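Bear in mind these aren't lab numbers, they're just calculated from the coordinates by the rules spelled out. Every value quoted in this text rests on a predicted model; they were computed, and no experiment measured them. All Cβ positions, even for glycine, are placed from backbone atoms using ideal geometry, and neighbour counts span all protein chains on display.
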Amino acid sequence: MEIEGYRLHRWGDAPRWDAFSLPDPGRGEVLIQVEACGVGLTVLNCMNGALGDSPDLLPVTPGHEVVGRIVAVGEGVDSRAIGDRVIAYFYLSCFRCRWCLAGRESRCENLRGWYGVHRGGGYAPFSVLPEGNTVPLSESIPAVQATVIPDAVATPVHVCRTRLGLGPGDRVAVIGAGGGVGVHMVQVAAACGASVIGLERGDEKLALVEGFGAVAEDSSDFDAVTLKDFDGRADAIIDLVGTRDSLTWSVSRLATGGRVCLLTTFRGVELPVQPREFVFREMSIVGSRYASRAELLEAAAMVERGEVRPVVGVSSGPREVESIHDLLRSGSLEGRGALVWESQ
Ligand SMILES: [Zn+2]
């Protein structure tokens with residue numbers, strides 16, 4: 001089919017509005033009509049080539065946080081799927097290896113890349129993706145709100161529930177708590193029963209964090225962060241910033257039995273640790289990678305139950321997405337952005 005949407009023609013460039021032809025869904029694939037697509041820092045990183053920068057992949061339509069409806073199916077897909085409302089799973093996992101079968105699809109042994117990088121995503125009004133990359137979504141959640149589910153809420157569900165096992169009584173510090181993932185991390189941790197301190201910079205983001213029930217602390221200078229409400233130490237520290245400064249601070253502020261969870265990483269950043277400290281106080285460093293499809297379902301359920309309130313600071317119609325990118329780059333976007341294809 002002939003469509004108009006955004007495509008990236010060179011890694012690191014802005015996506016360009018294009019007319020192009022979208023192939024029919026192949027074996028095991030579905031065609032979805034996109035209602036809306038989330039816009040966050042991960043999309044910018046993808047467009048900069050962080051998850052793949054081969055010229056062979058271009059041109060490609062970016063955008064992985066897709067909410068839409070299946071409108072056609074390829075060979076081998078039950079046609080009863082047509083009409084289903086879905087959200088997209090980001091990892092192009094095989095869904096057949098031992099990790100995928102165990103419901104740990106982000107650990108896939110045969111990962112084929114990422115939706116929106118290795119195949120076209122939601123910066124266009126239609127998209128073709130593997131059936132396995134679609135997760136059912138209730139009709140009750142408006143499209144703009146639902147764009148946060150597949151990454152900005154699902155990632156915190158994986159961190160808080162699966163990787164850290166947070167529960168009542170846990171004291172949790174979130175570094176970067178006012179960002180697109182952070183503001184949802186704070187809510188998911190609180191929904192698990194934990195007490196939360198959110199670290200951020202700037203009055204607006206600190207106020208945003210407080211608005212979601214966390215105690216906010218200014219982390220412009222890590223040496224000045226007190227964690228006073230936790231008597232100075234946290235049971236879990238979730239680092240969404242991933243700099244040497246934030247990591248060094250995290251390790252130094254763990255309580256006995258404490259865990260640092262890492263999910264934002266940059267090449268070349270190293271973390272100095274003293275193994276003796278880790279032994280004496282039984283501390284851990286935990287890595288966390290995206291989420292499973294079951295966690296996308298749970299993220300949607302948490303939004304539907306009102307346990308997590310989606311924070312989408314700005315939404316725009318087609319042809320205006322560059323203005324959202326500018327807000328993201330300047331750090332002034334509240335929560336996530338959304339590119340809306342279908343009138344609500
Ligand atoms: Zn797999």
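Okay, here's what the table says:
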{"item": "Only Lys, Arg (+1) and Asp, Glu (-1) charged, at Cβ; the chain dipole about Cα centre in debye", "result": "900"}
{"item": "Derived scalar couplings ³J(HN,Hα) [region 218-223; Karplus, 6.51 cos²θ - 1.76 cosθ + 1.60; whole Hz; x for Gly, Pro]", "result": "6, 10, 4, 10, 4, 4"}
{"item": "Peptide ranges 115-125, 130-140 listed from the most packed, as the mean C-beta count within 10 angstrom indicates", "result": "115-125, 130-140"}
{"item": "Nonlocal amide H pairs with V60, under 5 Å, H built at 1.01 Å", "result": "L8"}
{"item": "Shape category assigned to region 102-146 from the gyration tensor of Cα positions, a/c cut at 1.5", "result": "oblate"}
{"item": "Global form of region 152-287, assessed from the alpha-carbon gyration tensor, a/c cut-off 1.5", "result": "rounded"}
{"item": "Karplus-derived HN-Hα couplings along region 129-144 (A = 6.51, B = -1.76, C = 1.60, θ = phi - 60°), whole Hz, x at Gly and Pro", "result": "8, x, 4, x, 8, 10, 10, x, 10, 5, 6, 7, 9, x, 4, 4"}
{"item": "For the chain, calculated [θ]222 nm from helices alone, where every DSSP H run of n ≥ 4 adds -39500 (n - 2.57)", "result": "-5500 deg cm²/dmol"}
{"item": "Under Karplus coefficients 6.51, -1.76 and 1.60, residue-wise ³J(HN,Hα) of region 111-119 in Hz, glycine/proline x", "result": "4, 9, x, 10, 5, x, 10, 8, 7"}
{"item": "Ranked packing of 95-104, 276-285, most packed first, by mean Cβ within 10 Å", "result": "95-104, 276-285"}
{"item": "Point-to-point label distance, E342-V71, nm (Cα→Cβ direction, 7 Å offset)", "result": "0.9"}
{"item": "For A36, distant residues with modelled amide H under 5 Å away", "result": "V67, W341"}
{"item": "Nearest-0.05 FRET efficiency for C97 and R305, computed from C-beta distance (R0 30 Å)", "result": "0.40"}
{"item": "Nonlocal amide H pairs with I82, under 5 Å, H built at 1.01 Å", "result": "none"}
{"item": "Percentage relative contact order, the chain, counting C-alpha pairs under 8 Å, at least six apart", "result": "18"}
{"item": "Span-rule helices in the chain, defined as complete DSSP H runs reaching 20 Å or more along the axis (Cα) with Kyte mean at least -0.5", "result": "none"}
{"item": "Prolate/oblate/rounded label for region 1-125 (Cα gyration tensor, a/c 1.5)", "result": "oblate"}
